[in-house]
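Nothing in this text is a laboratory measurement; each read-out follows from the coordinates by a stated rule. As the structure is a computational prediction, the values presented were derived from the model and not from experiment. In this analysis, Cβ positions are derived from the backbone assuming ideal geometry, glycine residues included, and neighbour counts consider all displayed protein chains.
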Amino acid sequence: MYRSWQRWFPEQIDVCLVHLPGRDQRIKEPAFTRLILLVKAIADHMDRKTSVPYALYGHSMGALISFELGRELFRRHGTEPEHMFVSGRRAPQWPRNEPAIFNLPHCEFIAELRRLNGTPGEVLDNPELIELFINPLRADFESVETYEYRSGEKLSCPITVYGGLQDEHVPVESCRAWQGQTSAGCKVRMFTGDHFFVRNPGPDFVAAFRRDVVSAVPLPAVLSKTIVKLPGEVNREVRLQRDLARVVGFCPRGHWL
């Protein structure tokens, strides 16, 4: 899905999609079941690869990854992203009221997946596909449902939040609460759609996201090349020229809350 986002941006912005363990070409690798451990692994990789200005984007579970990654990189290096973009996710300090489902028996877990309407029916109806995806799906839910927010120093980068007006799990008040995580500005933009409004984004979201990303890129970098990384869909070699800026994003599939 996210592969097609390349067409939204000028040629100065390159959309690069990166896998997380347990997905696609990395399907045989065990998926993380603790979000903070996943964040630390990503930070280790960025320690080796990232020496340019960057922003973060994440949807749903990916929003939590982006948030905690921003904090982890600040703890390690005292630097933060230029901007943080999140969608389909309540502010991390917002209380979670839904019961955990990651440890439900098989049939009950599948029933919950159907109710949440985030996994294609052709997957849930196919025993072979279920066998392939059930463990990564459980791992994603476990990562979020066992996540415990710990208060800390606010980010100093701006945050832009995108939400679906019909998303019953992420009310607009919980989107506005992201302001509590930054000492800079926080914009909230709401669009028609449910939790999965980014799957078939309307022209209003496309225009807003494109404008927001381009405006977040440092001017010197726009004159060279920007890399946008959206982990979760394909694995693509990332160019590492020194004069680039980068927007690093996390959009794990199969995650809803």
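Of the GluC sites (Glu not before Pro) in the range 69-171, the ones in a loop by DSSP (not H, G, I, E or B) with at most 12 other beta carbons within 10 Å are E148, E153, E168. When a/c reaches 1.5 or more, the comparison of a/b and b/c decides; with that in mind, is the range 1-133 rounded, prolate or oblate per its Cα gyration tensor? Judged from the Cα gyration tensor, the range 1-133 comes out prolate (a/c at least 1.5, a/b above b/c). The calculated pair-distance distribution of the range 106-192 uses every alpha carbon pair, bins of 5 angstrom beginning at 0, and gives 3, 11, 16, 15, 15, 15, 11, 9, 4, 1 percent.
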